[in-house]
Amino acid sequence: MRPFTVLIGIVLGSAASITFGLGAVLIVFAVLAGQHPDLSRELPQLVLSLIAFAVLTTASAGSFLGQVKARPWRGWAHLATAACLCAVVLLYWPRRN
């Protein structure tokens, strides 16, 4: 396997595991929101994070498949993965208030 394919695979695996973890946390928060109202304040940011990482997982999966099968559209898939990765970084970049 080529090094770039391995790198995309690492991004795909990391994004997929974070998406799964955020989904599990969302389920727990949804179940416990009735008993602990303070958890409901965290739900909008949690849902936003889940969506961001799900999109990154989808883009990196397409990029990985395009790279492994040497499809002609793989450049666009790599660009989409890079854009999604930059969006996730900007989402979590610290801001001065």
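The values are calculated or read from the model by the stated rules, or taken from the named source; none is laboratory data. Please read these numbers as outputs of a predicted model, since none were measured by experiment. Glycine gets a Cβ as well: all are built from the backbone with ideal geometry, and neighbour counts include every protein chain shown.
Values computed for the structure shown
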{"item": "Subset of the stretch 74-96 that is of a type outside the set (A, V, I, L, M) and at pLDDT 95 or above - its residue that is farthest from S17 (Cα to Cα)", "result": "W76"}
{"item": "Output for the stretch 52-73, where each listed residue is buried (at least 19 other Cβ atoms within 10 Å of the Cβ) and farther than 10 Å from L12 by Cβ", "result": "A52, F53, G66, Q67"}
{"item": "Subset of the stretch 2-40 [farther than 15 Å from T81 by Cβ and of a type in the set (F, W, Y)]", "result": "F20, F29"}
{"item": "Tally of residues being surrounded by fewer than 13 Cβ atoms within 10 Å (Cβ to Cβ) and either touching a Gly at 6+ places or on another chain (Cβ under 8 Å) or in contact (Cβ under 8 Å) with a residue 40 or more places away in the chain (or both) across the stretch 81-90", "result": "0"}
{"item": "Matching residues, the stretch 61-77, being of a type outside the set (A, V, I, L, M, F, W, C), over 30 Å from V28 (Cβ atoms) and in a helix (DSSP H, G or I)", "result": "S63, G66, Q67, R74, G75"}
{"item": "Verdict on A30 being at pLDDT below 95 and in a helix (DSSP H, G or I)", "result": "yes"}
{"item": "Residue list for the stretch 81-97, restricted to those being part of a helix (DSSP H, G or I) and either of a type outside the set (S, T, N, Q) or more than 21 Å from I10 (Cβ to Cβ) (or both)", "result": "A82, A83, C84, L85, C86, A87, V88, V89, L90, L91, Y92"}
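Listed here are the residues, each with its yes/no results for (1) touching a residue at least 60 places away in the same chain (Cβ under 8 Å); (2) in a helix (DSSP H, G or I); (3) out of contact with any Phe, Trp or Tyr (no Cβ under 6 Å at 6 or more places or on another chain).
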{"residue": "V11", "(1), (2), (3)": "yes, yes, yes"}
{"residue": "V25", "(1), (2), (3)": "no, yes, yes"}
{"residue": "G34", "(1), (2), (3)": "no, no, yes"}
{"residue": "A59", "(1), (2), (3)": "no, yes, yes"}
{"residue": "L79", "(1), (2), (3)": "no, yes, yes"}
